[in-house]
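Taken together, the values in this text are just the output of simple stated rules run on the coordinates, not laboratory data. From a predicted model like this one, the values you see are computed outputs, not experimental measurements. Positions of Cβ are backbone-derived with ideal geometry, glycine not excepted, and every protein chain shown enters the neighbour counts.
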Amino acid sequence: MAARVLSVFGTRPEVIKMAPVVRELQRRAGEFEPLVCVTGQHREMLDQIMKSFGLTADFDLNLMKPGQSPAAVASRVLRMLPPILRRVRPDLVLVQGDTTTTCSAAQAAFLERVPVGHVEAGLRTGDLDRPFPEEMNRRVTTVVSSLHFAPTSAARDALLREGVAPERVVLTGNTVIDALLQSVRADYRFREPRLRALQREECLILVTLHRRESIGTPMRQVCEAINQIAMRHPHAAIVIPVHRNPRVREIVIRILAGRSNVHLLEPLAYLDFVNLMSRSRLILTDSGGVQEEAPSLKRPVLVLRDITERPEGVAAGAAKMVGTDPRRVVQAVDELLASEAAYQAMVTASNPYGDGSAARRIADAISSWYSDKQSLAGCQRGAMAGAH
């Protein structure tokens, strides 16, 4: 009998990282009966990226409202998901990462006695405020999960230190690398007209900003640094897809709009974004996923945070923590644009995040776990029959 697996996600990054897993489960139709439930935590961006990967939802909670707090999202998931779980009766609920959707869906499944599989398990900063609320979401999801798919050996070791049983932890690599390697093409033609207008030989600097804990003074400082970089390197084209969060947009647009070599764009379709990363000279970001993607593309990444749950790239030399102090940010960019040796040291660093086979390993682990579960159930039924 095929294992019924319900994947639950609600944000753009979750779709990117879960799409390879859902597609692998779909490919192995004899082993799995895959179903998808979306929460709509990022409504417009979610729909856009689902279309890019050719995914459709079997269930859509459509729970997002303007200005909704994480607590409101969590409460609505906890209210709306259980009836679907009772109706579908999945053998496993799959969640990914560290969003409010992830944590609340995992709790809902646990309360309905449905086993949970956590994709991208074991990431930790050790600081509940950074990132907020993602660090809490990760830890709570770990507590209620039955299967833990760790993307790196450091993530696996973190889970083992917290007392997770070794047989429940599977080292898989990160599914974002699966998605990336399937999507980057040398002959890609951008859909966004302003990207098509950029010359291939231009020095492109890609910047992404969105973290909740950066909003306010840290984000203003980063934007001031970008202003300085634009003035110091007029030959560079600085591209910033501006997040839809109104508080992010207010800061970024107010400080950077109107500068000729700074291109403020609407959020990009996934294919445009990853192919833009591959053509960039370097990347500045506060995103977790981009920290994993950039080393796979051999692009230096400067991390606009003071602490990261993805230290492997920093340890390997593929990423550098620069925080949000304008002097540190500008100095790091100056060095990479001026020194070929510094640049090559980062692009030739080893990639610690995976080889593009994470989805297959996850599916294999679920299949093995389900077979063991079925065998145990069969033995228990046989024992009960013998007792009668």
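Assorted remarks:
- When the Cα gyration tensor is reduced to axis lengths a ≥ b ≥ c, the ratio a/c is 1.5 or higher for segment 202-267, and with a/b above b/c it is classed as prolate.
- Proximal lysines to Lys298, defined as alpha-carbon separation beneath 26 angstrom and excluding residues fewer than eight positions away on the same chain: Lys17, Lys320
- Label zone at Ala2 (point 7 Å along Cα-to-Cβ), backbone N below 18 Å, segment 80-98: 88-94
- Length-normalised contact order for the chain - Cα pairs under 8 Å, 6+ apart - percent: 15 percent
- Alpha-carbon Rg with Dmax, taken over the chain, Å: 21.6, 84
- Kirkwood radius and radius of gyration were both taken over the C-alpha atoms of segment 8-75, and their ratio Rg/Rh is 1.02.
- Burial ranking of peptide ranges 257-268, 45-56, 303-314 (average Cβ count within 10 Å, highest at the top): 303-314, 45-56, 257-268
- Judged by the gyration tensor of its Cα atoms, with axes a ≥ b ≥ c, segment 193-347 is rounded; a/c sits under the 1.5 cut.
- For segment 197-253, the relative contact order comes to 51 percent (Cα pairs under 8 Å, sequence separation of at least 6).
- By average C-beta atoms within 10 angstrom, highest first, the peptides 240-247, 153-160: 153-160, 240-247
- Computed from the Cβ-Cβ distance with R0 of 41 Å, the FRET efficiency linking Ser339 to Arg196 stands at 0.85.
- Sorting 226-238, 97-109, 138-150 by their mean Cβ neighbour count within 10 Å, with the most densely packed peptide first, gives 97-109, 138-150, 226-238.
- Projected area, mean over directions - segment 115-246, Cα convex hull, nm²: 11.3 nm²
- Solvent-free Debye calculation, one equal scatterer per alpha-carbon of segment 36-108: log10 I(q)/I(0) at 0.12, 0.14, 0.24 Å⁻¹ equals -0.31, -0.42, -1.23.
- Relative contact order %, segment 33-137, counting alpha carbon pairs below 8 Å whose residues are six or more apart: 22 percent
- Two-decimal Rg to Rh for segment 193-232 - Kirkwood Rh, Cα set: 1.08
- Karplus-derived 3J(HN,Hα), 6.51/-1.76/1.60, for each residue of segment 277-287, Hz, glycine and proline x: 4, 5, 9, 6, 6, 7, 10, 10, 7, 10, 7
- Virtual spin-label span in nm between Asp47 and Gln68, 7 Å along Cα→Cβ: 1.5 nm
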